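One structure is given below, encoded as structure tokens.
The values are calculated or read from the model by the stated rules, or taken from the named source; none is laboratory data. For clarity, every value in this text was computed on a predicted model and none was experimentally measured. Using ideal geometry, Cβ is built from the backbone for each residue, glycine included, and neighbour counts are taken over all protein chains shown. For accessibility, only protein heavy atoms count, side chains too; no ligands or nucleic acids. Shrake-Rupley method; radii C 1.70, N 1.55, O 1.52, S 1.80 Å.
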Amino acid sequence: MAVWHVEQLGPWMVRVTFTGAELAGLEVDEPAASVRLLLPAPGETELVTPVWRGNEFLLPDGRRPVIRTFTPRRADPKNLELDLDVVLHEHGVASNWARVARPGDPAAVSGPGRGYAVDANAPGFLLGGDESAIPAIGQLLEVIPQETPVEVHIEVAHPEARLPMPDHEGAVVGWHDLPADSPPGSQLVAATINTEIGPGTQIWVAGEAASMQRIRRYLFRERGVPRNQATVRGYWKKTNPVPA
């Protein structure tokens, strides 16, 4: 498949629309599902399909392929279209690719991966995440019953990353600005700790991996939340940039 359209949603997010016959049959039945996107290696334009080498996929020259996981914001197998919203982190292969993506650029996708089964009978929901989780949170707000209370906490590294969320009668959305000197996820962790969680409340949180580990420990060990009541996913991992 190939890039068909690129739309700047804000200073820190780009929506890339793909098209191609390969998207036929790509059905996404649950919100917050995932697809894996194969990209050309940094500095290259050719897309090389990796080969399974017994325990992992590798390129013919032995390098690991560039594969990133995203929430499909919209999948339309009838019209052969797929929308992926890409956060423009300061560093990152996918971010760098999305900044310069143009119609006709090659890419490949696999999936979908597991989504989130919304319990329509839950007494309430707690949703949380950083910029990378905004597409999934938006999908969840679209399918959670309108009469169900939903508390949403979203951490953003830049105020401009605050994007319009779907209307939901029972939702209260809180935006949390991440101070420049704070590790990613710190404001989201604090917001989760300071949230009252009623019996039966269903929890979905996603973001930077280390902060998700802290939230897991808090919910399961300190708060005693049943594991079948909370879904906590590490979407990305902070790494130190390589010195120039």
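Quick look at the numbers
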read-out	value
The stretch 1-104: proportion of alpha-carbon pairs further apart than 18 angstrom, %	52 percent
Residue 157 long-range amide H proximity, modeled H, under 5 Å	131, 178
Other-chain or far-sequence residues with amide H under 5 Å of residue 34's (modelled H)	113, 114
Accessible-area ranking of 9, 84, largest first, probe 1.4 Å	9, 84
Dimensionless Rg ratio for the chain, taking C-alpha atoms and the 2.2 N^0.38 Å reference	1.04
Accessible area of the stretch 91-244 belonging to carbon and sulfur atoms, whole % at 1.4 Å probe	51 percent
Accessible surface of the stretch 7-69 [probe 1.4 Å, protein heavy atoms]: carbon and sulfur percent	49 percent
Nearest-20 debye value, the chain charge dipole, Cβ charges on Lys, Arg, Asp, Glu	900 debye
Point-charge dipole on Cβ atoms (K/R +1, D/E -1) for the stretch 89-195, about Cα centre, debye to 20	380 debye
Residue 53 versus residue 2: modelled label distance in nm, points set 7 Å from Cα along the beta carbon direction	3.0 nm
The stretch 191-244: translational diffusion in µm²/s, Stokes-Einstein, Kirkwood Rh over Cα pairs, 20 °C, 1.002 mPa s	175 µm²/s
Square roots of 5 times each gyration tensor eigenvalue, C-alpha, the stretch 69-210, largest first, Å	27, 21, 12
Value at 222 nm in deg cm²/dmol, rounded to 500, when DSSP H runs of n ≥ 4 in the chain each add -39,500 (n - 2.57)	-4000 deg cm²/dmol
Long-range amide H partners of residue 105 with built H, under 5 Å	3
On Cα atoms only, tilt of 134-143 relative to the major axis of the chain in degrees	60 degrees
Rounded D (µm²/s) - the stretch 146-244, Kirkwood Rh over Cα pairs, Stokes-Einstein at 25 °C, 0.890 mPa s	166 µm²/s
Selected from 24, 180, 209 as most flexible by GNM, with the chain as the system and alpha-carbon contacts under 10 Å	180
Total charge dipole magnitude, the stretch 1-142, about the Cα centre, Cβ charges on Lys, Arg, Asp, Glu only, Debye to nearest 20	280 debye
Surface per residue (accessible, 1.4 Å probe) for the chain, Å²	52 Å²
The stretch 40-81: GluC sites (Glu not before Pro) in DSSP loop, at most 12 other beta carbons within 10 Å	44, 46, 56
Coil-residue GluC sites (Glu not before Pro) of the stretch 194-244, DSSP, other Cβ within 10 Å capped at 12	196
Stretch in the chain that is longest and holds no trypsin sites (Lys or Arg not before Pro) that DSSP places in a loop and that have at most 16 other beta carbons within 10 Å	163-222
